[in-house]
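Undergrad: Supplied in structure tokens, the structure appears directly below.
Each reported figure results from applying straightforward, stated rules to the coordinates on display, with no laboratory input. None of the values given here were measured: they were computed from a predicted structure. Every residue, glycine as well, gets a Cβ built from its backbone with ideal geometry; the counts of neighbours run over all protein chains shown.
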Amino acid sequence: MQQENDFIEREIQKLANFLKQIIQNLSGKNGAELDNAIEIINIDLKDKLDFSIFELIESENDTFYEKIEKLDKQIIENLSVLFYTIIEKSTDLNKKQELNMRKMIDKTFLMIDFLDNNSNIFSLNRMNMKNQLKKLLPKTF
């Protein structure tokens, strides 16, 4: 049983590291590079988590919750940071992307709320992301 738990922990850590690496790679992207990076991220997420950014964004809230409830909190945390980073980069570049930014902001809020409601630890980072996203709402793409 302990070996199985250790294996699961290692797999969760691998996924978390994978998402962190994606987030780091996005920081230097601009314009067409960002579009290409998002396409690659979609393929990688589909391969590793069985859904893409597009599928998450376009899913109904019930379906969205079903997908994220199956994930470890650390993975959800990293996904919310990934979404936030894409939103932030798109805003900085004045790009609408192929993504529906309003829906992406809404889904990011849902992930953050899910984490806040299912965690015993208050996160300043999540609070900061929420505050920054709220500022974007009036000028939603």
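Undergrad: Could you work out the helix-only [θ] at 222 nm for the chain, with each DSSP H run of four or more residues adding -39,500 (n - 2.57) and the total divided by the number of residues, to the nearest 500 deg cm²/dmol?
TA: -25500 deg cm²/dmol
Undergrad: Express the relative contact order of the chain as a whole percentage, based on alpha carbon pairs under 8 Å and six or more residues apart in sequence.
TA: The value is 25 percent.
Undergrad: Same structure again: Using DSSP loop states and a limit of at most 16 other Cβ atoms within 10 Å to flag GluC sites (Glu not before Pro), what is the longest stretch of the chain containing no flagged site?
TA: The segment 1-59 is the longest one with no such site.
Undergrad: So, one more: For residue 63 and residue 24, FRET efficiency with R0 = 35 Å and r from the beta-carbon atoms, rounded to 0.05?
TA: Efficiency, rounded to the nearest 0.05: 0.75.
Undergrad: Sticking with this structure for a sec: Rounded to the nearest 0.05, what FRET efficiency do residue 55 and residue 102 give with R0 = 25 Å and r taken as the Cβ-Cβ distance? Could you check?
TA: According to the calculation, E is roughly 0.90.
Undergrad: According to a simple spin-label model (label point 7 Å from Cα along Cα-to-Cβ), what is the distance in nm between residue 6 and residue 32?
TA: 4.9
Undergrad: Please list, in order along region 101-115, the HN-Hα scalar couplings obtained from phi with the Karplus expression 6.51 cos²θ - 1.76 cosθ + 1.60 (θ = phi - 60°), rounded to whole Hz, x for Gly and Pro.
TA: 3J(HN,Hα) across region 101-115, in whole Hz: 5, 4, 5, 5, 4, 4, 5, 5, 4, 4, 5, 5, 4, 4, 5.
Undergrad: Using the eigenvalues of the Cα gyration tensor, what equivalent ellipsoid semi-axes result for region 15-141 when each is taken as the square root of five times the eigenvalue, whole Å, largest first?
TA: Value: 20, 17, 14 Å, ordered largest first.
Undergrad: Now, a different point. Considering only Cα-Cα distances, which of the following residue pairs are longer than 25 Å: 67/130; 14/103; 29/107; 29/130; 14/134; 29/73?
TA: Flagged as over cut-off: 14/103; 14/134; 29/73.
Undergrad: Restricting attention to region 1-75, which trypsin sites (Lys or Arg not before Pro) occupy a DSSP loop and are surrounded by at most 11 other Cβ atoms within 10 Å?
TA: 70
Undergrad: Net charge within 12 Å of residue 71 by Cβ-Cβ distance, Lys/Arg positive one each and Asp/Glu negative one each, not counting residue 71 itself?
TA: Its environment carries a net charge of -2.
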